[in-house]
Amino acid sequence: MNPAVFIGFVGLGLAVTLHVIFVSMTIGSGLLAALYRWKAYRENDPWAELFARKVFKVLIVSELFSGVWGTIITVFLAGFFTAVTTLATNTLFIPIAIAIASIMIRIPTIAISWYTWGKIHPRTHSLVMWVMALSGFGVPFGFRAIFAEINHPVAVGYYLQTGHNPGFMPYSNPLFWTLYLHTVAAVISTGGFVAASLLALDKDPRGVKSGLLLGVGFLVAQLIFGPLYYFSLDWYSPLLFKAVNGEFLSLFVIKLAAVAALLALGFVSYKAARGGVISSYVKWLGPLALFTVALGEILNDGGRYPNLVILGDKGLSADLFANFYIDIPMPAVYVILAFLVLSVVVFTMAAFYALYKRFIAEVPEV
Amino acid sequence: MTNPNPLLPLSALGVYFHGMYISLTFGLPVAIGIMLWKWWRTGDSDYYKAARIMTAVLGVNFALGAITGTLVEFGLVQVWPGVNLAIATFAFAPLALELIAFANEIAFLVLFIVTLGRVKPPTSIAILSLYAAFAYFSGVLITAVNSWMQAPWGVGPVAKTLYPFMPEYGPNVVDVPKLVALKLAAVATGQPISLLIEKPGFAQEVGIVLKDPMVAFYSPYALVSIFHNILAAILIGMAVATAGWAYRYFKTGDQKYLKIVKPLAGAFAVLFVIQAPIVAHFMGEAVVHYNPTKFALMEGAEKTYHDPIIALVAYGDPNKPIIGFDELEKACMSNTLTVGDLAKALNLPQTLKLAGQSVDISSLASVKLSDLCLADLQKAKAYMPLIHTAYYVKVAFAIIGGLAAAVLFFYFYKVPGLSAIASAIARIFGDEKRRVFLLALLLVLGTVIPAVGGWAVREIGRKPWSVYGLLYPSEIVTPVSYAASPGFLAFAYLIILAVNLGGLYAMYLVATRGYKFLELLKKGAGVGK
């Protein structure tokens, strides 16, 4: 593989992994925050309101930074892999439109939810929060169709054979549904574990219990969706399946061990939280869930290397889709990667002050 | 083939909303910085509160700016996928560097929001400055890309060969035969170029098209556009902030709001002096030189005419004529080449082999370049009433804005003679509350309307091309025909309008409404009992 294409592949992989880590945190915690904001309004429960606000901090701190990595993915794709980006936009027009519409609703409603909290009627605020939470699921509903198509091109295959736009056909791709269900369960579960870890720092057993209920509950659902996705890869994307069970087997085993640990420790911690005790494991469950998510994405995308698209037991090399129109200025690319690392450092500092040092007030300042 | 015409206003709407938020993104940090500075120097908490409110507005505004940026970005790659070829070549370096700007802009903004009021004012100002620096850097890079579409720097004489009235756009760092082959293939097949570049292996087959990926940065058009656009955006943001506080003063009569308006109006006037007479002049000169059709449209020059004032401003020579479309048409007629001659000169075969597809360009061989040139001038001329009006409305409101800025400045900052005149003019508007508010409102009108008109002139004025002198919208539009269907357009308009209007209303609420519904939260947190 040409060095520029290799850097493009690795850079894209890094951006996708970081993006997925962030969105896994925010989609699940957004749902949890909306649920408890609504409960607070319905039941006039002060604890639920405070809990929703605390969980929401995760979104307010990380959603925009998460979006940055989405932009980085797009630029890497269009800049380094021009053909695949153009093919995707020409073919998967509807899924991409769904994802963009969802992003357009999602990000402003996060900012609006935060800054209008206490300024608008709680009923209206709860409604905005629900719109915010549910729009989050529209984003993977669009973008996961692309991932499913590059692993098993149903709609793209139809387009290349007939020249006709496949419309909603990406949603007839069986791999899409198994991947989407696996993704949805993962993000909700991760959001729950992250919220539990955060509330453990706050020494709030009820908050820990609420987070763990969601985390463990959807991790149990993964016992169905995970294997379903795994076997659907065997059926529809055998080359990727082979890679996961071959070159990437060690990572796959680590991922399974992480899931098992998460399930066991999550269950133990949940039982403890029900008794009003915060287990010492809880603060590690959020990071462990995020680690599991990252491993899953590396397996999914790294397993394709050196291909960008998989056709059954064959692969289409990344070179076929790469940008050869210019000699990519590699020094500029390295500078960019260095500055992206700087942004991660700055963001981590902000997140540390916001979430750990609790610089963001629960009750808004007037 | 997809009709690009219904998609152009949709893209414009997205760009306008994005531009509006960007203006606040650029202007509010200056206003917040001034408030933090005043708070630091005076210890007056009114300045801190003002900074906090504007930071909350900036937070919502930034989210809206980010999503409209996403919309514009995806609009480019999805609705105009032919642009991917530009992203892979001329725009590669600016857009790749934009990642630095965008990622750090957000990281520092979040850090600023999180630490505001928790760290000392100079630290907050430093973090805010870093955020603003990356935000402006982002503006520099995006403007560089947009400027390349206005004046495609690095294609040397390519556009001039087709349109003799155009200048050469910098050095020739492109592989001309490949570029022309792509263009001819698109014209011969009647298909957008995205249908070529989407083919696996196509880029490998074509090979290097652009020899210097950094060339977009060397453009003088980009340099002047960067200053012009960024300053304009800062001025709009500053004007909105000034008018917001002036409105509060108008409604309440509370002197603390006047105290906030004063330094904002002062900073605005200083920046306006740099923008209007200096930077805008150089921008105009760049348009005259690099976009001859746009200049003729702006001046309503169907025929060449003499106007010493315009000529002095445009060329620095009152005796030079304002070049109209008649002269541009004459230049077209001077071209005696045909497409076939051009292909022969570039050693292009009659049948192009592109990604396994054979494209016969012999049907174009007899087409005269002068006919293409004249046809494009006719298309451009159709925009004359719109561009001419937009340009002069823009100029008129910029003058109004400038006068309002001067009056407000000398009203607040006493300069013998000038302040007396300013006070006399200000008194026309009524009592102090009214005069401050109305003058601040004129700042908004004097910046927003010129910006709206300016972008219309900039973007519509380069039609019929998307990339000036090189590519038409029909060549870069999506091949997905339902993208231009009423159903999809209605869906897209609905989402864009609902999100943006809802967002703007939310910003208004954040800026104006107090906390009314915090009892439950306070009870939960155990405070304020």
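The values are calculated or read from the model by the stated rules, or taken from the named source; none is laboratory data. Given the structure is predicted, the values throughout are model-derived calculations rather than measurements. Cβ atoms come from the backbone with ideal geometry, glycine included; neighbour counts cover every protein chain shown.
How many of the residues making up region B:346-378 are in a helix (DSSP H, G or I) and more than 38 Å from the chain's Cα centre (by Cα)? Before you say what the answer is, go through the steps one by one.
The first filter runs over region B:346-378 and keeps only residues in a helix (DSSP H, G or I), leaving B:362-364, B:369-378.
With the extra rule that they be more than 38 Å from the chain's Cα centre (by Cα), the set shrinks to B:362-363.
Number satisfying all stated conditions: 2.
Residue-by-condition table, conditions (1) facing chain A (nearest Cβ under 10 Å); (2) within 26 Å of B:Gly69 (Cβ to Cβ); (3) of a type in the set (A, V, I, L, M):
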| position | (1), (2), (3) |
| --- | --- |
| B:Pro473 | no, yes, no |
| B:Ile476 | no, yes, yes |
| B:Ser481 | yes, no, no |
| B:Ala484 | no, yes, yes |
| B:Leu497 | no, yes, yes |
| B:Gly502 | yes, yes, no |
| B:Glu519 | yes, no, no |
| B:Lys523 | yes, no, no |
| B:Val527 | yes, no, yes |
Exactly one of these conditions fails for A:Leu32: (1) in contact with a Leu (Cβ under 7 Å, 6 or more places away or on another chain); (2) at pLDDT below 95. Give me its number. (2)
Go over the candidates B:Leu438, B:Leu408, B:Leu445 one by one and state the one that is of a type outside the set (Ser, Thr, Tyr), without any contact (Cβ under 8 Å) to a residue 12 or more places away in the chain and within 16 Å of B:Ala239 (Cα to Cα). B:Leu438
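From B:Val240, B:Val215, which residue is within 14 Å of another protein chain (Cβ to nearest Cβ) and buried (at least 22 other Cβ atoms within 10 Å of the Cβ)? Break it down stepwise before answering.
Working: B:Val240 fails: within 14 Å of another protein chain (Cβ to nearest Cβ).
One residue alone meets the criteria, B:Val215.
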Subset of region A:219-276 [crowded, with 17+ Cβ neighbours inside 10 Å and either among the acidic types (Asp, Glu) or in contact with an Asp or Glu (Cβ under 7 Å, 6 or more places away or on another chain) (or both)]: A:Leu239, A:Phe241
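Could we say that B:Asp317 is under 31 Å from the mean Cα position of the chain (by Cα) and modelled with pLDDT under 90 here? Give the steps one after another, and end with the answer.
Details: under 31 Å from the mean Cα position of the chain (by Cα): yes; modelled with pLDDT under 90: yes.
Yes; evaluated as a whole, the condition is true for this residue.
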Output yes when any residue across region B:190-212 is assigned to a loop (DSSP other than H, G, I, E, B), under 28 Å from B:Tyr411 (Cβ atoms), more than 28 Å from the chain's Cα centre (by Cα) and in contact (Cβ under 8 Å) with a residue 40 or more places away in the chain, and no when none is. no
Please pick out the residue among B:Val155, B:Val119, B:Val180 that is at the interface with chain A (Cβ under 10 Å from one of its Cβ atoms) and among the aliphatic types (A, V, I, L, M). B:Val119
Selection count where residues are at the interface with chain B (Cβ under 8 Å from one of its Cβ atoms), touching a residue at least 24 places away in the same chain (Cβ under 8 Å) and assigned to a helix (DSSP H, G or I), scope region A:324-343: 3
Checked pairs for region B:470-486, first part of a strand (DSSP E or B), second basic (Lys, Arg), C-beta under 8 Å and 6 or more apart or across chains, list as B:Leu471/B:Lys183
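Taking region B:379-420, which residues are over 29 Å from the mean Cα position of the chain (by Cα), surrounded by fewer than 14 Cβ atoms within 10 Å (Cβ to Cβ) and either of a type in the set (A, V, I, L, M, F, W, C) or in a helix (DSSP H, G or I) (or both)? Can you show your working first?
First pass over region B:379-420, keeping only residues over 29 Å from the mean Cα position of the chain (by Cα): B:410-420.
Filter again for surrounded by fewer than 14 Cβ atoms within 10 Å (Cβ to Cβ), leaving B:414-417, B:420.
Selection gives B:Val415, B:Ala420.
Could you say which residue among A:Thr74, A:Thr85 is of a type in the set (Ser, Thr, Tyr), at the interface with another protein chain (Cβ under 7 Å from one of its Cβ atoms), part of a helix (DSSP H, G or I) and within 16 Å of the chain's Cα centre (by Cα)?
Residue meeting the stated conditions: A:Thr74.
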Only one of (1) under 29 Å from A:Leu92 (Cβ atoms); (2) of a type in the set (S, T, N, Q); (3) surrounded by fewer than 22 Cβ atoms within 10 Å (Cβ to Cβ) fails for B:Ser194. Which number is that? (3)
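When only residues in region B:1-38 that are of a type in the set (A, V, I, L, M, F, W, C) and in contact with an Asp or Glu (Cβ under 8 Å, 6 or more places away or on another chain) count, which is nearest to B:Leu71 (Cα to Cα)?
Step one: list which residues in region B:1-38 are of a type in the set (A, V, I, L, M, F, W, C), which gives B:1, B:7-8, B:10, B:12-13, B:15, B:17, B:20, B:22, B:24, B:26, B:28, B:30-32, B:34-37.
This time we only want the ones that are in contact with an Asp or Glu (Cβ under 8 Å, 6 or more places away or on another chain), so: B:12, B:15.
Details: B:Ala12: 11, B:Val15: 9 Å.
By that ranking, first place goes to B:Val15.
Out of curiosity, is A:Val23 modelled with pLDDT under 95, within 30 Å of A:Tyr159 (Cβ to Cβ) and facing another protein chain (nearest Cβ under 9 Å)?
Details: modelled with pLDDT under 95: yes; within 30 Å of A:Tyr159 (Cβ to Cβ): yes; facing another protein chain (nearest Cβ under 9 Å): no.
In short, no.
Would you call A:Lys271 more than 9 Å from every other protein chain (Cβ to nearest Cβ), more than 24 Å from the chain's Cα centre (by Cα) and of a type outside the set (Asp, Glu)? If you could, list the steps in order and put the result at the bottom.
On the way: more than 9 Å from every other protein chain (Cβ to nearest Cβ): yes; more than 24 Å from the chain's Cα centre (by Cα): yes; of a type outside the set (Asp, Glu): yes.
It is true that A:Lys271 is more than 9 Å from every other protein chain (Cβ to nearest Cβ), more than 24 Å from the chain's Cα centre (by Cα) and of a type outside the set (Asp, Glu).
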I'd like to check something: does region A:182-191 contain any residue that is hydroxyl-bearing (Ser, Thr, Tyr), surrounded by fewer than 23 Cβ atoms within 10 Å (Cβ to Cβ) and more than 11 Å from chain B (Cβ to nearest Cβ)? no
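The rows are residues; the columns are (1) more than 7 Å from chain A (Cβ to nearest Cβ); (2) touching a residue at least 24 places away in the same chain (Cβ under 8 Å); (3) β-branched (Val, Ile, Thr); (4) buried (at least 24 other Cβ atoms within 10 Å of the Cβ).
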position: B:Arg52; (1), (2), (3), (4): no, yes, no, no
position: B:Ala56; (1), (2), (3), (4): no, yes, no, no
position: B:Asn61; (1), (2), (3), (4): yes, yes, no, yes
position: B:Thr68; (1), (2), (3), (4): yes, yes, yes, yes
position: B:Val110; (1), (2), (3), (4): no, no, yes, yes
Across (1) within 16 Å of B:Leu116 (Cβ to Cβ); (2) crowded, with 21+ Cβ neighbours inside 10 Å; (3) among the polar types (S, T, N, Q), B:Ser45 clears everything bar (2)
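Only one residue in A:Pro153, A:Pro122, A:Pro174, A:Pro170 is in contact with an Asp or Glu (Cβ under 7 Å, 6 or more places away or on another chain) and on the phi < 0 side of the Ramachandran plot. Which one? Outline the logic, then answer.
Numbers: A:Pro153 fails: in contact with an Asp or Glu (Cβ under 7 Å, 6 or more places away or on another chain); A:Pro122 fails: in contact with an Asp or Glu (Cβ under 7 Å, 6 or more places away or on another chain); A:Pro174 fails: in contact with an Asp or Glu (Cβ under 7 Å, 6 or more places away or on another chain).
Exactly one residue qualifies, and that residue is A:Pro170.
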